[in-house]
Structures are given as structure tokens and as C-alpha cells.
Amino acid sequence: MYKQIRLTDTKSRSTPEAVAVALFENTQQLPMEYRRLDKAVGGVLSAGIGRPEVSLGPGDVTVLYSSPQGKQKQPQRVFVLGLGKRERFSSNTLRAAAAGLVRKAYTTKVSRLSLRLIAGIGNTISAKAVGRAVSDGMTIGNFEFNTYKGTATASDRQGSAKRPSLTVESEAAIRLGLDHGLRVGDSVAVARSLAATPPNVANPAYLVAYCRKMSRQVGLKCSVVDAQRAGRLGMNGLLAVGRAGSTPPALIALEHRPKGAKGKPILLVGKAVTFDTGGYSIKSSVGMESMKYDKCGGMAVIGAMHAIARLKLPVPVVGLVAAAENMVSDKAYRPSDIITMYNGVTVEVISTDAEGRLVLGDAIAYGCERYKPRAVIDLATLTGGVVVALGSYCAGVFCNDQKLKNRLMGAAEDTGERLWQLPLWPEHKRQLKGTHSDIVNSAGREAQPIQGAAFLSHFVDSTDQTELPKTPWAHVDIAGVSDTKGGDKSLYAKGPTGFGVRLLVQTVEAWGR
Ligand code: BES
Ligand code: MN
Ligand code: MN
């Protein structure tokens, strides 16, 4: 795919080599604003409307060719983006269409593309939202991870090959939104690339080194609680899980402290289990290879912090990434071990496969004590149960605070990274009561995603056995959305989605307004 997508202010005077327009399904007549363009491309647009090969279903993309006009050397191309039915239109339709557009533009070797979308879309959504959705879709569609393609792959598909860039010109109205979305898109790609990096490379030590370097580049403060210090601090959940890992576990802190911005930070916490075998409560081999994606919560936090720093958002934010590898060895922790967590809560390990909550519990407790956040948002591929319950079109969210919930739901709506709320009541905490410890890390098959949330609630701002925390806190279980099988109708190619980056960035950005 393209090396880069960049915007230009200069409009080509002639009709550019490729133009993208958008049309709703059942369009009978070309919108007035497209008439001139239609003439310039020899009438292929008006001729195409109503023809069966021009499909205007939501997200469909059709290429039309016109024979060269005047002095133009090459045939001009018109990409027609299908918007589906007007009454069912949403920004996600544009994301799908723009992802398809960039893929088709690449395969048809377009290097300069002119977007003429507003005439077709009209004012169904704001111009800024159009710009963002289109650039989201373009960066999503342009993502490719080929670092590990080798000699058995054609050279232009290998990581090292020189690739062309795409220059995009657009209506002025959507340019701001486009620009913003392309920037955030870079950060989504950061998260997706890290997530795709295999566990024999992306171990906790690798993530530490990556974050240090990335922080210097974008102006974040990076500090690391290494395993030694974690031991002195009593982060025994993080240490237990990571004990058998190929490198020691670590807690990575990324701080964004914009000049002049005072007040408590927002705390983002991500689960980064670089590989989850399940430990002694070992997983079945079927599908275990997808457990490299068990670091996706942490990668979303890294991606979001990358964007927040580069956009210089005027809000203090701290990102914590809890990195550990859950393996089996003579050093590994075992079922029935009792662990004293950072905040003194004791946990009996029922399943070494319920490891995410142990690394997150320590990270959340440490983050709350150290940074006194105004709100906490954690992201984790925490439970298979959330996939059973909600599938893969939304993440599950638990939240103790109406305002925070509204912020997240608003951001979900704006970014198309959907959330669905699940309940967490004080009663749910009872389920986790331990026999010889305060709590257990797993209590059977009932309501597993809620058990995960109830467990984490012990680490937010107090150690109360029955009450929910007072600090506004949201737990987002992304097990169903962090990676995808791909396929024709999928917005994302097979692999990681970067889910959470846009959601978090949008939440923080709207907070600053
Ligand atoms: N990383 C898994 C959850 C997961 C499952 C993510 C499938 C993505 C796809 C997590 O650590 C886990 O193993 N959870 C257990 C919890 C159980 C032992 C209480 C689960 O969901 O089965
Ligand atoms: Mn597990
Ligand atoms: Mn896990």
C-alpha cells in the first residue's frame, strides 16, 4: 500500500488523473454540482448512474474510465463511492467506502486523487465529520504490515520496497477534518503494527525500548517501573504473571503534560500481555496463535498517547502500559497461589489464565495513587466471555460515572468504535469473595466479563469489598474487537484493528473543549 497519504492545497488546474465522488443508492439524477465534472470526464458519470455495474450500496466503490479529453495523456478515472440508503447513512459508511477507495486507487496506480464528496453527501453529517471519517477509512484501508515478509513474497510486497505516496486534494470544507484524521491514522497504524509484531520479538523489553524511543520523538515523558522496582513496590500481580516470560515484566508510564495545563490528569491503562498461553491453566492450542493480540489494550494506549502528544491536546494525560508475558516454566505462578497486590488486596489465583486483571490491578492501583487522576479508563482484551456476549462489532464498557460514560459514548459515536454498556453493581463484587484470601481471580462461568470488571474495581481508589469506586472509571473489554478475520465486507484487513486509539483520542480531545 501507499507509503504515505498527504494533503495538498494546490488544486490541479486540469481534471486530475482520478476523482472520487459519492452517491446515495437509487440516485436517479446526477446532483447539479457534479455536472461540470461529468462533462470533463466525457459523461461517464451520468451514463453510469442506474447501470448495474455501478453499485451504490454502503461502502461499495466502482471505478469508471473516460477516454482522454483534449491534451490529457491518460484516461481519467472516476471512483464512485456508494453511500447506501440516505436514511441509513452514518459516518461508518464513509469509512468503509474510503478504505475501499484507497485500496482501489493503489491497485490502479493512482498517485494524485481529488475528493469531490460533499456534493453527493450533502449535509447529512458535518463537513468536519466527513473529513474525519474519510481519512479514518483511508488510513485504515492503507494499513499493511509487511515487516516480516521475506524472500517468498514478491519484492513490491516486502517491507523494504520503495512505495509510492498518494497526494489528496479536497474541498476546503473537509480539509481540516481530513488533516486531523490522517494524523490520528498514523497513531492507529502505530498500534496496529505493534500489535501485529510477533511475540518472539514484541516481548515486554521490546515494548519498553519502543516506548522510550517513541516518547523522545513525539515529546512524551517516559518512565518505566522495571521488575526490580516493581518488586520493591509490591506489584506482585504484574510480577507473578510475568515470572516465566522471556523477558521480565514492566510497567511503562507515558506522560503528556502540556504547558500551562493544570489539574489532575486523565489516566489511561492498557493490558499488554505480549503472549497469553494461559500459564498452567493452559489454553487449548486451537486459536492460541491469536494470543499475540492480548497486548492490544496496551498498544491502543501507546497509539493514543502518540496521537495526543503529536496533536498537542491541551489536557494532561498519563498512559500506563502493563507489559508481561504469560508463559509456563518452573518459575511460573500456579493456581492456588495467593498474591498480595500493590494496594494490599490479596488474591487467590484460581486460573493462571485470568492474568489480565492481575497485571491491570497493580497498574490501576499504582496509577491512582501516584497520579491522582480525575478519571481512569482501562482497555483490555480481558475475557472470552465478552466475545460470546457481544461479538465483534462493539466492545463492552463498564462505567461507574454517568458523565464519563456520556463522554465515551459520544466518542464512540464520532469515531465508529462502538461501545455497549454492561452492568457492574456492588452485588457483583460478592461473587469474587475468597476463602483464604480477600478475593479470587476467577469465579466460574457466570458473567465472566462482569467478574473481570468487578475484580478491577478493587484497585481503582479504595479496597472496599462491597462499594464501587468513587473516582470516575471505565473498563473497556476489547477482546472481541482488537483483531479481525478480515474478509470482503470487513473494514479492516485480517489482523489487528487498533481499536481504542481513535476512541481515546476523541474522548481526550472533547474533554479539552
Ligand atoms: N486474553 C484472554 C481473553 C481473550 C479470549 C481475549 C479470547 C481474546 C480472545 C484472557 O486472559 C483470558 O484468558 N480470560 C479467560 C478468563 C477466565 C479464565 C476467567 C477467559 O475469558 O476464558
Ligand atoms: Mn488469559
Ligand atoms: Mn489474557
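The values are calculated or read from the model by the stated rules, or taken from the named source; none is laboratory data. Please read these numbers as outputs of a predicted model, since none were measured by experiment. So basically every Cβ, Gly included, is an ideal-geometry build from the backbone, and we count neighbours across all protein chains shown. Note: areas computed on protein heavy atoms with side chains; ligands, DNA, RNA excluded. Shrake-Rupley method; radii C 1.70, N 1.55, O 1.52, S 1.80 Å.
At a glance:
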item: Dipole of the chain [Lys/Arg +1, Asp/Glu -1 at C-beta], most positive-end residue of 223, 235, 437; result: 223
item: Residue 433/residue 334 FRET efficiency (R0 25 Å; Cβ-Cβ; nearest 0.05); result: 0.75
item: Cβ-defined net charge surrounding residue 247, 11 Å radius [Lys, Arg +1; Asp, Glu -1]; result: -2
item: Local net charge near residue 136, Cβ-Cβ under 9 Å (Lys/Arg +1, Asp/Glu -1); result: +3
item: Solvent-accessible surface ranking, highest first, for 104, 494, 221 at 1.4 angstrom; result: 494, 221, 104
item: Quarter of the Cα convex hull surface for region 202-359, i.e. its orientation-mean projected area (nm²); result: 9.5 nm²
item: Residue 9 accessible area, assembled protein chains, probe 1.4 Å, Å²; result: 110 Å²
item: Residue 108-residue 388 pseudo-label distance in nm [points 7 Å out on the Cα-to-Cβ vector]; result: 4.7 nm
item: Dipole of the chain [Lys/Arg +1, Asp/Glu -1 at C-beta], most positive-end residue of 198, 121, 188; result: 121
item: Net dipole in debye of region 287-408 [+1 Lys, Arg Cβ; -1 Asp, Glu Cβ; about Cα centre; nearest 20]; result: 800 debye
item: Space enclosed by the convex hull of the alpha-carbon atoms of region 164-244, per residue, Å³; result: 150 Å³
item: Rounded to whole Hz, the Karplus (6.51, -1.76, 1.60) HN-Hα couplings of region 434-447, x for glycine and proline; result: x, 7, 10, 9, 4, 9, 10, 8, 7, 10, x, 7, 5, 6
item: Nitroxide proxy distance, nm - points 7 Å out along Cα→Cβ at residue 86 and residue 488; result: 2.9 nm
item: Region 1-104: radius of gyration and largest Cα-Cα distance (Dmax), Å; result: 14.0, 42
item: Evaluated at q = 0.10, 0.15, 0.17, 0.25 Å⁻¹: base-10 log I(q)/I(0), Debye formula over Cα of region 285-384; result: -0.35, -0.73, -0.90, -1.45
item: Contour minus Cα-Cα distance for residue 445 and residue 47 (0.36 nm per residue); result: 137.4 nm
item: Computed E for residue 36/residue 183 - FRET, C-beta separation, R0 56 angstrom, nearest 0.05; result: 0.95
item: Exposed-loop-free span, longest in the chain, where chymotrypsin sites (Phe, Trp or Tyr not before Pro) count as exposed if DSSP calls them loop and at most 13 other C-beta atoms lie within 10 Å; result: 149-392
item: Mean Cα-pair separation over length for region 192-511, i.e. relative contact order, pairs under 8 Å, 6 or more apart, %; result: 21 percent
item: Assigned charges on the beta-carbon of Lys, Arg, Asp, Glu; the chain dipole about Cα centre (debye); result: 2060 debye
item: Values of log10 I(q)/I(0), in the order q = 0.12, 0.14, 0.15, 0.25 Å⁻¹, for region 109-190 under a Debye, Cα-only, solvent-free model; result: -0.44, -0.57, -0.63, -1.21
item: Cα-based helix-to-principal-axis angle, 356-371 vs the chain, degrees rounded to 10; result: 90 degrees
item: Sum of -39500 (n - 2.57) over DSSP H runs of 4+, divided by residues of the chain (222 nm, nearest 500); result: -10500 deg cm²/dmol
item: Cα long-axis angle, helix 204-218 against the chain (0 to 90 degrees, to the nearest 10); result: 50 degrees
item: Positive-pole candidate from 329, 313, 400, dipole of region 192-511, charges at beta carbon; result: 313
item: When the convex hull of its Cα atoms is projected in every direction, mean area for the chain (nm²); result: 24.8 nm²
item: Residues listed by number, region 407-443, amide nitrogen under 19 Å from residue 466 label point at 7 Å toward C-beta; result: 424-435, 438-440
item: Debye intensity ratio in log₁₀ form over the Cα atoms of region 5-171, taken at each q of 0.13 Å⁻¹; result: -0.63
item: The chain: angle of helix 91-107 to the longest principal axis, Cα-based, in degrees nearest 10; result: 70 degrees
item: Label-point separation, residue 216 to residue 284 (7 Å along Cα→Cβ), nm; result: 4.7 nm
item: Value of Rg/Rh across region 404-513 [Cα atoms, Kirkwood radius]; result: 1.04
item: Accessible-area value, residue 283, 1.4 Å probe, nucleic acids and ligands omitted, Å²; result: 50 Å²
item: Exposure of residue 450 as accessible area (Å², to 10), given a probe of 1.4 Å and all protein chains; result: 20 Å²
item: Mean Cβ neighbour count within 10 Å, used as a protection proxy, ranking 260-268, 321-329 highest first; result: 321-329, 260-268
item: Dipole magnitude of region 5-171 about its Cα centre (Cβ charges: Lys, Arg +1; Asp, Glu -1), debye to nearest 20; result: 400 debye
item: Sequence of 381, 108 from largest to smallest accessible area, 1.4 Å probe; result: 108, 381
item: Peptides ranked, highest mean first, by Cβ atoms within 10 Å: ranges 163-169, 132-138; result: 132-138, 163-169
